[in-house]
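The values are calculated or read from the model by the stated rules, or taken from the named source; none is laboratory data. Just so it is clear, the model here is predicted, and its values are computed rather than measured. Backbone-built Cβ (ideal geometry, glycine too); neighbour counts: all protein chains shown.
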Amino acid sequence: MTKAAPPLKATAGSSNSKQSPGKNKDTLKNRNPYSPSTKKIVDEKKNVHIIKPLVRTNSEPYGWAFENFYNAKDFVKDLSNRNDARIYFGGLEFKPFTNLTTRWVKTSSLGVNLWVLHIDNSRSESEGSFPMTAHVAYANKIARAVIEDNTFEGEKVDVIKIDLTESQEADLDSYFITALFEEARNAIFQESIQRADSDLEDLI
């Protein structure tokens, strides 16, 4: 009686061998296929426009930082007008305040490319100054205005309160100390060129 031949064993080079898909590439070994790409994360961040109510280390309001707000820069600058002009934007009315200053902050420890609207706390008790209790409410009102105006064409607008560190506060202060100096110098200049008495003016 003839014995059946023993089954052939598959060798390392045999066509019967199988390999798990993707395991032959080291670059894919530890990759999570469900993780979003870096480019997508960056693009999504660009499409979020953030208003940041800023709080000093002593818990007093500092002002507001505006991130990705380039399309609304003129509106933000107008909020610190000294012409006693009311601003109308997105169907809402914004009152003028005497102690607000806007500056472009190119780089700081808080962030880069920010518009910052600062409250001069030294003048917070003077007539026409910003009401400190409305700090966050003001940010929310600005958010409603840009959404209603469709300034960012349907992209997300967010309000995130930020407690400043000492270094962040000092960093921002450096921008506004310069602004106060320029304002004082301009006031002195305007006073120096005031109209003379009528007798002198008539001579010229």
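Let's see how each residue does on (1) modelled with pLDDT under 95; (2) of a type outside the set (A, V, I, L, M):
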| site | (1), (2) |
| --- | --- |
| D149 | no, yes |
| E155 | no, yes |
| I160 | no, no |
| T165 | no, yes |
| Q168 | no, yes |
| F176 | yes, yes |
| L180 | yes, no |
| D197 | yes, yes |
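Please give the number of the condition V146 fails out of (1) outside any helix (DSSP H, G or I); (2) in contact with a Gly (Cβ under 8 Å, 6 or more places away or on another chain).
Every listed condition holds for V146 apart from (1).
Which count do you get for residues in segment 106-140 that are of a type in the set (A, V, I, L, M, F, W, C) and either at pLDDT below 95 or exposed (fewer than 15 other Cβ atoms within 10 Å of the Cβ) (or both)?
Final tally of qualifying residues: 4.
Each row is one residue, and each column tells you yes or no for (1) at pLDDT 95 or above; (2) surrounded by 12 or more Cβ atoms within 10 Å (Cβ to Cβ); (3) of a type in the set (K, R); (4) over 30 Å from Y138 (Cα atoms).
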| position | (1), (2), (3), (4) |
| --- | --- |
| L8 | no, no, no, yes |
| T11 | no, no, no, yes |
| R31 | no, no, yes, yes |
| I41 | no, no, no, no |
| K52 | yes, yes, yes, no |
| F66 | yes, yes, no, no |
| A85 | no, no, no, no |
| Y88 | yes, no, no, no |
| G91 | yes, no, no, no |
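Sort out which residues of segment 145-172 are of a type in the set (S, T, Y) and either surrounded by 13 or more Cβ atoms within 10 Å (Cβ to Cβ) or under 14 Å from the mean Cα position of the chain (by Cα) (or both), and write them in order of number.
Correct list: T151 only.
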